[in-house]
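These notes concern the structure reproduced below.
Nothing in this text is a laboratory measurement; each read-out follows from the coordinates by a stated rule. Note that the structure is a prediction, hence the values are computed from the model and not measured. So basically every Cβ, Gly included, is an ideal-geometry build from the backbone, and we count neighbours across all protein chains shown.
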Amino acid sequence: MHSIYNFVSGPLAWLAFILFIGGCLYRLISLMVLVHRKEKFIYSYMSLKYSLRSIFRWSTPFATENMRRHPALTIVAFAFHICLILTPLFLLAHVTLIEESWNLSWWTLPEGLAEIMTLIVVAACVFFLVRRLVNPEVRYVTSVSDYILLAIVAAPFITGFLVYYQWFGYQTLLILHILSGEVMLVAIPFTRLSHMLFAPLTRAYMGSEFGGVRHARDW
Amino acid sequence: MTEAAVKEEKKITDEGLEVGVQNLTAERIQKVINRVLKGESGARLKAYVDTCVHCGLCSEACHYYLSHDKDPQYSPVGKVKQTLWKMLKARGNVSADFIKRASEIASTECNACKRCAMYCPFGIDIAYMMLTVRRICHLLGVTPLYIQDTAHSHAVTMNQMWIKDDEWIDTLQWQEEEAQAEIPTLRIPLEREGADIMYSVIGPEPKFQAQLLYQAAVIMDVAGVDWTMPATPGWDNSDMAMYTGDNEIMGRVKRAHFETAARLRVNRIVMGECGHAFRSVYDMGNRWLGWRMPPIPIVHAIDFYYELIQNKKITITEKFKEPVTLHDPCNVIRGGGLAEKARYVVNAICEELIEMHPNREHNYCCCAGGGVINCGPPYKMTRMDGNRIKAEQLFAAKSRGAKILIAPCHNCHSGLEDINHHYGLGYEIKFISDILYEVMDKPA
């Protein structure tokens with residue numbers, strides 16, 4: 001058990017981070033190369049002002065027509081993404097690990113809050129799952145990969161929660177938790193989770209087109 | 001005894017598609033799909049396909065989806081799934097029947113109005129993906145017959161309606177003579193080099209809406225505009241090749257148009273009340289030719305009327321009495337930002353504007369644009385069934401008192417005329433120029 005733990009928290013963690021960061025860079029750079037090679041004109045339409053206008057507008061809850069049409073989804077989606085990103089970064093247990101290894105540390109979330117945020121992520125995943133199963137327009141475009149992605153995202157939070165309470169099989173769960181976190185990291189650049197990288201770019205391009213050329217709102 | 005009412009599954013027969021698919025082989029399909037998806041397309045298509053998280057949030061943007069009781073097959077992403085996703089997944093290894101259906105979806109079940117681009121949280125341009133599908137179908141020779149005929153007309157005559165060079169000049173001189181009965185000094189100046197403005201129209205105006213040329217001539221004359229029209233091919237700003245995916249012909253047609261304006265050394269091109277032509281000269285055609293923005297400034301009729309009224313070049317005798325409602329055409333409102341100027345003009349010439357809802361960028365499409373009405377009679381019911389939501393929207397405006405429907409775009413105009421009759425809405429549909437001509441001060 002100990003050797004598995006050492007493996008997943010050691011070499012495998014390094015590998016996951018290298019694949020995550022390297023993969024993200026690879027995806028972004030190869031997209032830029034593609035733009036440069038075939039659609040250079042895109043650069044000439046990009047406008048910082050309208051890119052930011054669009055990104056800011058779509059990062060503000062209920063600032064767009066479609067968000068107002070789907071209030072529940074809007075709340076869930078915002079809460080989900082905020083908690084998804086902040087919880088692992090500012091979790092006491094994670095920061096403590098980093099501190100022990102590298103003597104680096106930063107502000108952490110109160111434990112009770114982190115717990116709630118974890119539950120929000122899990123609950124949001126359930127919401128997305130139900131939405132996929134129940135809404136005909138979502139179900140129609142859902143493939144197996146969409147369920148797998150949802151599971152990949154939910155797994156680190158479910159296992160993390162169980163580890164925190166040390167309910168059963170602490171060692172096994174901890175290993176599963178680390179593993180699932182690593183899977184998620186690696187999945188980000190190589191699956192549709194890459195919208196983390198690309199959404200700001202597509203948003204910026206559409207914002208620039210609408211603002212600079214079409215002189216119209218894109219929300 | 002009466003038979004039970006069975007809703008018959010309408011089978012559309014389109015010769016362009018039927019004959020087109022007979023010439024397909026598996027190798028050819030695969031080669032063309034890969035040529036377009038791997039060769040011609042680039043980062044945009046890749047980012048759009050990879051970024052889409054299949055959330056379905058674009059659905060409610062689409063009038064086809066809303067009009068078909070939220071049938072997911074008609075949602076924007078649903079149409080991408082049925083076409084592009086399958087092509088990508090199968091690496092181009094799809095059947096001839098698949099191509100036929102893909103052509104039908106992309107050409108007649110999407111107006112490329114880009115409303116969905118405003119509903120996608122990531123700003124994915126689904127219309128662009130549908131146009132990419134049309135491009136594939138074009139290269140495979142599987143395009144609906146009527147619009148293909150129009151594209152042929154562009155290729156042969158540089159105009160949309162097979163109008164011969166002398167017929168064009170003849171029509172202008174005929175309208176000039178007609179208008180001289182009203183204003184004896186009026187001219188439609190042909191080939192006047194160095195004029196400030198070249199006025200351009202779409203093929204259907206000389207073909208069967210010559211009164212629009214008359215009205216434009218009167219407006220120009222009264223406003224004292226320094227204008228001209230070309231007597232050569234290149235006068236037509238319309239472009240159905242843009243909508244069939246025949247980018248090469250689109251480029252030829254646009255080049256002829258811009259070069260004609262350059263030859264006449266005009267400062268600006270003013271165009272009539274047409275939406276798709278605006279898209280072609282302002283968005284797609286110019287880009288294909290390598291111009292970031294049009295090489296010669298393009299002024300849409302709405303913008304031009306705004307300028308004339310604001311500068312008091314045109315004054316209004318008495319405003320139009322009957323309450324009007326205004327349809328916002330996608331290509332000039334969502335595509336050209338003329339929403340407020342359109343309202344300025346309509347309020348300047350009409351007593352009462354009753355807004356339909358939603359409006360401006362969020363207005364529902366006419367279901368005729370994007371080349372769909374140009375796919376001809378086989379698809380009329382596709383347009384009628386596919387835009388019940390428009391009828392409901394128009395009916396609501398009517399119930400609040402609107403009598404006249406202003407549609408400052410040719411495709412919208414014709415499409416809404418069909419909706420109006422099919423759903424028995426009882427509107428009278430007008431261009432802005434119909435009303436402007438009627439209410440403006442003219443020499444006695």
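Three principal axis extents describe the C-alpha atoms of the protein assembly as shown; from largest down they are 100, 68, 55 Å. Per residue, the average separation of C-alpha pairs within less than 8 Å and at least 6 apart gives region B:32-85 a relative contact order of 23 percent.
Rounded to the nearest 10 degrees, the inclination of helix A:92-102 to the longest alpha-carbon principal axis of chain A is 80 degrees.
Which FRET efficiency value, to the nearest 0.05, do you get for B:ALA396 and A:VAL134 by plugging their Cβ-Cβ distance into 1/(1 + (r/R0)^6) with R0 = 22 Å? Please list the in-between numbers first.
Values: r = 30 Å, r/R0 = 1.36.
About 0.15, to the nearest 0.05.
When the Cα convex hull of region B:166-207 is projected onto planes of every orientation, the mean area is 3.5 nm². What separates the Cα centres of region B:66-106 and region A:146-219 is a distance of 28 Å. When the Gaussian network model of chain A links Cα atoms closer than 10 Å, the mean-square fluctuations of A:MET117, A:MET184, A:MET32 top out at A:MET32.
Largest GNM mean-square fluctuation across A:PRO88, A:PRO136, A:PRO189, computed for chain A with C-alpha springs under 10 Å, falls on A:PRO136.
Please compute, over every Cα-Cα pair in region A:1-111, the percentage with a separation greater than 19 angstrom. The partial results should precede the final answer.
On the way: 4361 of 6105 pairs.
In whole percent, the long-distance tail amounts to 71.
The alpha carbon centroids of region B:143-163 and region B:30-45 are separated by 26 Å. If I model chain B as equal point scatterers sitting on the Cα atoms and use the Debye formula, what is log10 I(q)/I(0) at q = 0.06, 0.11, 0.13 Å⁻¹? Log10 of I(q)/I(0), two decimals: -0.26, -0.86, -1.18.
Excluding B:ALA47 itself, calculate the net charge of residues whose Cβ lies under 13 Å from the Cβ of B:ALA47, where each Lys or Arg counts +1 and each Asp or Glu counts -1.
Numbers: positive: A:ARG27, A:LYS38, A:ARG192, A:ARG203, B:ARG44, B:LYS46; negative: A:GLU39, B:ASP50, B:ASP125.
Result for the local shell: +3.
In chain B, the DSSP-assigned H stretches of four residues or longer account for a calculated mean residue ellipticity at 222 nm of -13000 deg cm²/dmol, using -39500 (n - 2.57) per stretch and the full residue count as denominator.
The helix-only estimate of mean residue ellipticity at 222 nm for chain A, built from DSSP H runs of length n ≥ 4 each weighted as -39500 (n - 2.57), is -25500 deg cm²/dmol after division by the residue total.
How high is the relative contact order of region B:1-154? Use alpha-carbon pairs under 8 Å, at least six apart in sequence, and give a whole percent. Each step should come with its number before you reach the end.
On the way: 172 pairs, mean separation 52.5, N = 154.
Relative contact order, region B:1-154: 34 percent.
Per-residue shielding of A:208-214, expressed as the average number of other chain Cβ atoms within 10 Å of the residue Cβ, stands at 5.
Shielding by partners for peptide A:142-149, expressed as the average number of C-beta atoms from other protein chains within 10 Å of each residue's C-beta, is 2. Using alpha-carbon positions, what is the distance between the centroids of region B:268-309 and region A:97-142, in Å? After rounding, the separation between the Cα centres reads 48 Å. Structural descriptor for chain B: relative contact order 16 percent, calculated from alpha carbon pairs under 8 angstrom and at least 6 residues apart. Take the cross-link list B:LYS207/B:LYS254; B:LYS100/B:LYS398; A:LYS49/B:LYS398; A:LYS49/B:LYS89; B:LYS79/B:LYS390; A:LYS40/B:LYS89 and give me the ones stretching past 30 Å between alpha-carbons. Pairs exceeding the cut-off: B:LYS100/B:LYS398; A:LYS49/B:LYS398; A:LYS49/B:LYS89. For chain A, the longest principal axis of the alpha carbon atoms and the long axis of helix A:11-38 meet at an angle near 10°. Angle of helix A:144-165 to the longest C-alpha principal axis of chain A, folded into 0 to 90 degrees and rounded to 10: 40°.
Amide H contacts of B:VAL225: none lie under 5 Å away among residues 5 or more positions distant or on a separate chain (H built 1.01 Å from N in the peptide plane; Pro and chain starts excluded). Which percent, nearest 5, of DSSP beta bridges in the protein assembly as shown are antiparallel? Percent antiparallel among DSSP bridges in the protein assembly as shown is about 5. A viscosity of 0.890 mPa s and a temperature of 25 °C, combined with the Kirkwood radius over C-alpha pairs in the Stokes-Einstein formula, give region B:148-309 a diffusion coefficient of 158 µm²/s.
Subtracting the Cα-Cα distance from 0.36 nm times the residue separation, let me have the gained length for A:ASN103 to A:ILE116 in nm, one decimal.
On the way: separation 13, 0.36 × 13 = 4.68 nm, distance 2.77 nm.
Stretched out fully, the A:ASN103 to A:ILE116 stretch lengthens by 1.9 nm.
Residue by residue, region B:52-63 carries 3J(HN,Hα) couplings of 4, 9, 6, 8, x, 6, 7, 3, 5, 6, 9, 5 Hz when phi is fed to the Karplus relation 6.51 cos²θ - 1.76 cosθ + 1.60 (θ = phi - 60°); x denotes Gly or Pro. Mean silhouette area of region A:2-213, derived from the convex hull of its C-alpha atoms and averaged over all directions, reads 14.5 nm².
Between A:TYR147 and B:GLU428, what FRET efficiency follows from the Cβ-Cβ distance if R0 is 45 Å, with the result rounded to 0.05? If you can, show how the numbers build up before the last one.
Details: r = 53 Å, r/R0 = 1.18.
After rounding to 0.05, the efficiency reads 0.25.
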